[in-house]
1. Filtering the range 276-310 down to residues that are basic (K, R) and crowded, with 17+ Cβ neighbours inside 10 Å, which residue is modelled with the highest pLDDT?
2. Considering each residue of the range 358-372, count those that are without any contact (Cβ under 8 Å) to a residue 40 or more places away in the chain and of a type in the set (V, I, T), and give that number.
3. Within the range 189-212, does at least one residue satisfy the condition of being outside any loop (DSSP other than H, G, I, E, B), surrounded by fewer than 16 Cβ atoms within 10 Å (Cβ to Cβ), at pLDDT 80 or above and under 25 Å from the mean Cα position of the chain (by Cα)?
4. What number of residues in the range 58-81 are in contact with a helix residue (DSSP H, G or I) (Cβ under 6 Å, 6 or more places away or on another chain) and either polar (S, T, N, Q) or at pLDDT 90 or above (or both)?
5. Applying the selection to the range 85-112, what residues are without any contact (Cβ under 8 Å) to a residue 60 or more places away in the chain and closer than 20 Å to S349 by Cβ?
6. Which residue is nearest to I163 (Cα to Cα), if the candidates are limited to the range 231-257 and must be touching an Asp or Glu at 6+ places or on another chain (Cβ under 8 Å) and not in a loop (DSSP other than H, G, I, E, B)?
7. Condition test on S245, is it of a type in the set (G, A, S), out of contact with any helix residue (DSSP H, G or I) (no Cβ under 7 Å at 6 or more places or on another chain) and at pLDDT below 90?
8. Within the range 294-344, which residues are among the polar types (S, T, N, Q) and either closer than 26 Å to K280 by Cα or in a helix (DSSP H, G or I) (or both)?
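The values are calculated or read from the model by the stated rules, or taken from the named source; none is laboratory data. As the structure is a computational prediction, the values presented were derived from the model and not from experiment. Here the Cβ is made from the backbone with ideal geometry for all residues, glycine too, and neighbour counts use every protein chain on show.
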Amino acid sequence: MKNKKWDLVALASIPLIMTLGNSMLIPILPLISRELHVSSFKVSMLITVYAIVAILLIPIAGYLSDRFGRKKVIIPSLIIAAVGGAISAIAAWLTADMTAYWIILGGRFLQGIGAAGAFPIVIPLVGDMFDQEEEVSKGLGIIETANTLGKVISPILGAALGIVLWYLPFISIPILCMISLVLVIFLVQSPKRDASDVSLKKFLLGTKDALKEKGRWLYAIFAVGCICMFILFGVLFYLSDTLESKYKLDGVLKGLVLAIPLAVLCLSSYIGGKVIGQDKSRMKWIGFGGMALITICLIITGFSSQIVFVISLFSLCGAGIGIALPCMDALITEGIEKEQRGTITSLYSSTRFIGVSLGPPIVSLLQNVNHWILFSIMAALGGIGGLLILIAIKPSEEKA
């Protein structure tokens, strides 16, 4: 694994930067709304359009990476993301009000296209880079940690940049994308069997057969990934809204508080990737333990809204998500043949994006109903995820 250290550094920059490029905007959405004189719903579309485009295009990017090679898809995707970010930055700088809004939205659309072919393709590429399952698990743990680190930094960095200049986060996006692009071009060496000449028809039939043969545990992992991201972004939305509306906490200080559970998630992702090794049975039970921890924490949270109590439980919940996701990443990557790995893992990434897009709006609706009902429903989802791991994932049936 040592000879691939710089490859992993370059690849880890992609989820880090893609996460920053989206999540940095969340703490400054109210500021953008005021500057552009648009409604909160319209400004929320800057996040939603990015996620929707990515959900739709991730499977296509996965197929293209299987067909032509991972790096050949990642490089143009990073360029598209950088162009989209530059368009948004220029619009925010040179135009105003609704004109700026629509151009920025178009830039975010392009960013979503770029994101679809960047981070989701990193997961199968890491699987291609190593022959030993233990090395794959450690590599994916590093990638998941970088993804989570982006979530930790983004609320703090976004709020800090927004204080200096409201559109400074937009300006930073193309710069960050270009840094990642240079790292990938010069540091990532494409594995020998990186491309396939299988026709689209045969490829689709092969993917259909793979889903038919291994659908039980694959669909379970898809669902667990979606549930984890739904809970994570739902919890972050709840905490962000509560801190601002109830405790009048905003700006960098609010970002620091939001970073607490995310920092715990980041640390547990790193440790999880180190611990799971190549033992698929261990992956299953550690993943189940993570979902059980999430469920227990959410059940207890339903009985109190005291902020220190809630943040503490959310941090434990983050630890559960942090140890569950690397297990799901490793199981799905190591259980699928290289020829279909890009498409299957991209479907997995799409379901995770579905959780990201659904979490905040559903939590916002339930939040107005009842605190206990909100967290009971979220706990029930966590419990369903745990049961799916327990019942549907049988390591002995998976192909290494």
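1. Once the filter is applied, the top-ranked residue is K284.
2. Number satisfying all stated conditions: 1.
3. The answer is no, given that none of the residues of the range 189-212 is outside any loop (DSSP other than H, G, I, E, B), surrounded by fewer than 16 Cβ atoms within 10 Å (Cβ to Cβ), at pLDDT 80 or above and under 25 Å from the mean Cα position of the chain (by Cα).
4. Matching residues across the range 58-81 total 7.
5. Selection gives L110 alone.
6. Of all residues in the range 231-257, those touching an Asp or Glu at 6+ places or on another chain (Cβ under 8 Å) come to 243-244, 250, 254.
In the following step, the residues that additionally are not in a loop (DSSP other than H, G, I, E, B) were identified as 243-244, 254.
Details: L243: 18, E244: 16, K254: 13 Å.
The qualifying residue nearest to I163 (Cα to Cα) is K254.
7. When the stated conditions are applied, S245 passes them.
8. Filtering the range 294-344 for residues among the polar types (S, T, N, Q) gives 295, 301, 304-306, 312, 315, 333, 340, 343.
Correct list: T295, T301, S312, S315, T333, Q340, T343.
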